[in-house]
Every structure is written in structure tokens, then in C-alpha cells.
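The values are calculated or read from the model by the stated rules, or taken from the named source; none is laboratory data. Keep in mind that what you see is a predicted model, and the values were worked out from it rather than measured. Reconstructed Cβ throughout: ideal geometry from the backbone, glycine too, with neighbour counts over all protein chains shown. For accessibility, only protein heavy atoms count, side chains too; no ligands or nucleic acids. Shrake-Rupley method; radii C 1.70, N 1.55, O 1.52, S 1.80 Å.
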Amino acid sequence: MTRDALEKGFETYVSDIISTAYEQFDVTAAFGTGTTASGRLVSQLVKNNALLDRKVVQPALESYETDVLDQVQVLLDYAEAPDADFADYSDEALSHDTFYQQLREDLPAERKREIRDELVEQQRRLAAAARPIVEADEDEFWPAVEATLSRDEAESLVTEHFAFTDPLRDHPDAFRFTETVNPAKLLAGPLTLGMPTPSLTLDYTDEVRRVLTEAEQDTIERVLDEIDRRYE
């Protein structure tokens with residue numbers, strides 16, 4: 001069984017996406033500026049990019065990486081059980097799905113169900129596509145892929161099933177990524193001294209969508225290059 005090999009392959013893939021997304025994340029573009037009192041506090045926070053990077057950006061991307069890898073564990077449990085019904089795994093898989101957790105609260109119930117069903121089907125297809133590799137004898141990811149999949153099948157695995165960010169492209173208005181911060185705990189200066197500083201909710205949905213989708217596409221291109229090299 002090559003579950004360990006698949007886990008390592010997924011870890012490398014997801015880690016590459018997160019590293020690329022982190023390098024490309026633009027704090028100023030993500031959080032913007034404003035002219036109101038709260039807007040001025042946000043502007044002050046944005047000027048301290050290192051602070052927002054450490055308190056918001058890094059934890060958000062690390063959380064996404066953890067969620068994907070935890071979800072992969074559930075999908076591999078299903079892949080190892082050829083007679084299993086995916087319905088028995090879907091709730092647990094969704095509990096680790098960042099996009100499902102970040103669905104906007106004001107979405108109509110029918111739309112939420114539609115997106116939920118799409119997410120579940122995406123997860124099921126990935127687990128089913130991984131099953132031949134799990135059943136291989138090889139102990140490393142690429143040898144297992146080469147032993148079980150044709151070139152076209154390997155390319156399909158990557159382009160169709162490794163595209164975790166498809167929901168962000170298919171439903172760009174359905175998700176909201178936010179972080180609530182207390183400026184008084186992060187800033188020291190005339191903007192906070194001696195005045196009430198209520199918590200602020202920072203919305204960085206657009207930048208999360210941009211960096212994750214672009215970083216994933218960059219990573220997919222690199223994996224396709226590796227397939228070209230191995231199947232030449």
C-alpha cells in the first residue's frame with residue numbers, strides 16, 4: 001500500500017501552493033485604506049505589513065494548508081476502502097474544507113446546498129482518482145503514479161482533481177475570508193492612545209482568491225512539467 005507515498009505527495013504539492021501564495025500575498029491590496037476612524041486604524045495596520053503578515057496572513061495560509069491535509073486523510077481513508085460509500089465520509093471531509101467553512105452567511109439556503117454538493121463531489125472524485133495509486137506496490141509517490149497511471153491519466157489527476165481552488169473560481173461571490181483584530185493590542189500610538197478601539201473585521205477575500213488560485217496554477221504547471229519529464 002502506498003498511502004504514505006500519497007500523503008507525502010500531497011504534502012509537497014500543498015506546501016508548494018502555500019509557499020507561492022505567501023510570496024505573492026499583497027497586504028496593501030488585501031486590506032486597503034480608508035478615511036473613517038476605523039479606516040485610519042486599518043491604514044496604520046497596513047503600514048505595518050510585518051504585523052499583519054504575522055498576525056493574519058501567515059495564520060490564514062497555515063490554516064488552509066492544515067485543513068487540506070486533514071481533508072486528504074479522510075479521502076485516503078475512503079480510497080483504502082473500495083466497497084465504502086462516500087456518504088459515510090462526506091461530513092468529516094467537509095469539516096476540514098476551508099471553503100465550506102467560509103461560505104457567506106447571507107447566501108440563500110439553496111445556493112449553499114448546491115455548493116456543498118459540488119464540494120462533496122469534488123472530494124469524492126479526488127478520492128476515487130487516488131485509489132489506484134493507494135493500491136500500488138511502490139513506496140514513493142512518482143513511482144506509484146508511473147506504475148498505475150498512463151500519461152493522460154496522470155495529467156488528468158493533476159489538472160482535474162488537484163485543483164482544490166476550483167470553488168473560488170466557480171463561485172467568486174460565495175465566500176468571505178475575514179479576520180477580527182483589536183487594534184489596541186496591535187498598535188501603540190496616537191491613533192489608539194486614550195481612545196476606545198473596537199475590534200475591526202478585516203476582509204481579505206479578493207486577495208485570498210487571487211493568490212490561492214494563481215499559486216495553485218503555478219504549482220500545477222510545475223507538476224505537469226514533472227509528468228513531461230517522467231513520461232518522455
Just to be sure I understand, how many residues within the range 93-110 are outside any loop (DSSP other than H, G, I, E, B) and surrounded by 15 or more Cβ atoms within 10 Å (Cβ to Cβ)? 6
Members of the range 78-92 found to be surrounded by 14 or more Cβ atoms within 10 Å (Cβ to Cβ), of a type in the set (D, E, K, R) and at pLDDT below 95, listed by number: 80
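Look at residue 137 and say whether it is under 18 Å from residue 4 (Cβ atoms), touching a residue at least 24 places away in the same chain (Cβ under 8 Å) and open to solvent by 50 Å² or more (accessible area, probe 1.4 Å).
On the way: under 18 Å from residue 4 (Cβ atoms): yes; touching a residue at least 24 places away in the same chain (Cβ under 8 Å): yes; open to solvent by 50 Å² or more (accessible area, probe 1.4 Å): yes.
In short, yes.
Looking only at the range 148-160, count how many residues are part of a helix (DSSP H, G or I) and surrounded by 17 or more Cβ atoms within 10 Å (Cβ to Cβ). Step through it out loud before you land on a result.
Here is the first cut: in the range 148-160, the ones part of a helix (DSSP H, G or I) are 148, 151-160.
Those still in the list that are surrounded by 17 or more Cβ atoms within 10 Å (Cβ to Cβ) too: 148, 154-155, 157-158.
Within the range 148-160, residues that are part of a helix (DSSP H, G or I) and surrounded by 17 or more Cβ atoms within 10 Å (Cβ to Cβ) number 5.
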Is it the case, given these coordinates, that residue 139 is acidic (Asp, Glu) and at pLDDT 90 or above? no
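How many residues does the range 142-162 contain that are of a type in the set (Phe, Trp, Tyr) and at pLDDT 90 or above? Steps first, answer last, please.
Kept after step one, since they are of a type in the set (Phe, Trp, Tyr), are these residues of the range 142-162: 142, 162.
Imposing the further condition that a residue be at pLDDT 90 or above reduces the set to 142.
The number of residues fulfilling the criteria is 1.
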What are the residues in the range 1-21 that are surrounded by 15 or more Cβ atoms within 10 Å (Cβ to Cβ), of a type outside the set (A, V, I, L, M, F, W, C), touching a residue at least 60 places away in the same chain (Cβ under 8 Å) and part of a helix (DSSP H, G or I), if any? 3, 7, 9, 13, 16, 20
Could you list, in sequence order, the residues of the range 75-102 that are touching a residue at least 40 places away in the same chain (Cβ under 8 Å) and hydrophobic (A, V, I, L, M, F, W, C)? 75, 76, 79, 86, 99
Please count how many residues of the range 13-43 are more than 10 Å from residue 219 (Cβ to Cβ), at pLDDT 90 or above and not aromatic (Phe, Trp, Tyr). 2
